[in-house]
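Report on one structure; see the data block that follows.
The values are calculated or read from the model by the stated rules, or taken from the named source; none is laboratory data. Because the structure is predicted, anything quoted here is derived from the model rather than measured. Backbone-built Cβ (ideal geometry, glycine too); neighbour counts: all protein chains shown.
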Amino acid sequence: MNQPVRLEASESTLLACHECDTLHRIPPLTPGHTARCRVCGAKLLRNPKGGLDRAIALYSTALILLLLANAFPFLTLEIGGRSEITNMAGASWSLYRAGMPELAVVVFITSIAGPGLLIVCSLYVLLALRLRLRVPGVRLALSWLSHLEPWVMLDVFMLGVLVAFVKLGNMATMHVGTSLYAFVALIGVAAAATSSFEPQLLWQRLGVRRRR
Ligand SMILES: [Zn+2]
């Protein structure tokens, strides 16, 4: 994550365009406005509408949906009179038992651990800033966000579920569990949550708070 250079004299941000390297001094943006490069038009900084409250609401919803997605059956398969109930963690465990431990670990990280850590870290930073709490590790949690994002692949997991539906459709009867509905909702809410705040603005807010 490229941290903006914080200026001591004001809350404006000094940023280099990631496309053409032109340096810009960006004044504080009002909610809903986006700063663009004056040379190439690339997006430099965005201040999403709704502020921290909207981001906190979306990440709280995402956390509840992730817990629901892991608390109930995901799919129930009926093959030849046998019934097997699968949950999200069970998908990774099935891959491990099938002799694919590496794939099991990747599926677990990208569908459960990665999204969980990203949501918790985001909420930790957002709540600390919103409530002006002087809690430890806020900067560390904020710096982790960009590292965690590549490990969140909820849509890829869903794609795998759809492929399983098609492949197993003729061999087994499949019943959708509560978790699958929660998971589908989680994909949409997580995408909205990710775009609900600008990490660079949070770095700026941390700098402002620190000077108080
Ligand atoms: Zn540019």
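Taking the range 142-159, which residues are in contact (Cβ under 8 Å) with a residue 40 or more places away in the chain and either farther than 14 Å from Ile109 by Cβ or not in a helix (DSSP H, G or I) (or both)?
Leu142, Ser143, Leu145, Ser146, Val152, Met153, listed by residue number.
Out of all the residues in the range 165-180, which are assigned to a helix (DSSP H, G or I) and either touching a Phe, Trp or Tyr at 6+ places or on another chain (Cβ under 9 Å) or in contact (Cβ under 8 Å) with a residue 24 or more places away in the chain (or both)?
Leu168, Thr178, Ser179, Leu180
Being closer than 17 Å to Pro199 by Cβ and either assigned by TED's automatic domain parsing to the domain that holds Val189 or not in a strand (DSSP E or B) (or both) is the filter here, so list the residues in the range 21-35 that pass it.
Pro28, Leu29, Pro31 - these are the residues of the range 21-35 that are closer than 17 Å to Pro199 by Cβ and either assigned by TED's automatic domain parsing to the domain that holds Val189 or not in a strand (DSSP E or B) (or both).
Just to be sure I understand, how many residues within the range 20-46 are touching a Pro at 6+ places or on another chain (Cβ under 9 Å), modelled with pLDDT of 85 or more and not small (Gly, Ala, Ser)?
Counting residues in the range 20-46 that are touching a Pro at 6+ places or on another chain (Cβ under 9 Å), modelled with pLDDT of 85 or more and not small (Gly, Ala, Ser) gives 2.
Of everything in the range 133-165 that's under 18 Å from Glu198 (Cα atoms) and surrounded by fewer than 18 Cβ atoms within 10 Å (Cβ to Cβ), which residue is modelled with the lowest pLDDT?
It comes out as Ser146.
Counting just the residues of the range 36-56 that are under 15 Å from Pro199 (Cβ atoms), touching a residue at least 12 places away in the same chain (Cβ under 8 Å) and not in a helix (DSSP H, G or I), which one comes out farthest from the ligand (Cβ to nearest atom)?
Across the range 36-56, the extreme among qualifying residues is Pro48.
Quick one: in the range 7-35, which of the residues that are near the ligand (Cβ under 8 Å from one of its atoms) and among the acidic types (Asp, Glu) is surrounded by the fewest Cβ atoms within 10 Å (Cβ to Cβ)?
Step by step, filter the range 7-35, then rank; the result is Asp21.
Quick check: is even one residue across the range 189-210 farther than 20 Å from Gly50 by Cα, part of a helix (DSSP H, G or I) and within 20 Å of the chain's Cα centre (by Cα)?
Scanning the range 189-210 turns up no residue that is farther than 20 Å from Gly50 by Cα, part of a helix (DSSP H, G or I) and within 20 Å of the chain's Cα centre (by Cα).
Could you tell me which numbered condition Ala62 fails, if it satisfies all but one of (1) without any contact (Cβ under 8 Å) to a residue 60 or more places away in the chain; (2) of a type in the set (Gly, Ala, Ser); (3) crowded, with 17+ Cβ neighbours inside 10 Å?
With (1) without any contact (Cβ under 8 Å) to a residue 60 or more places away in the chain; (2) of a type in the set (Gly, Ala, Ser); (3) crowded, with 17+ Cβ neighbours inside 10 Å applied to Ala62, the lone miss is (1).
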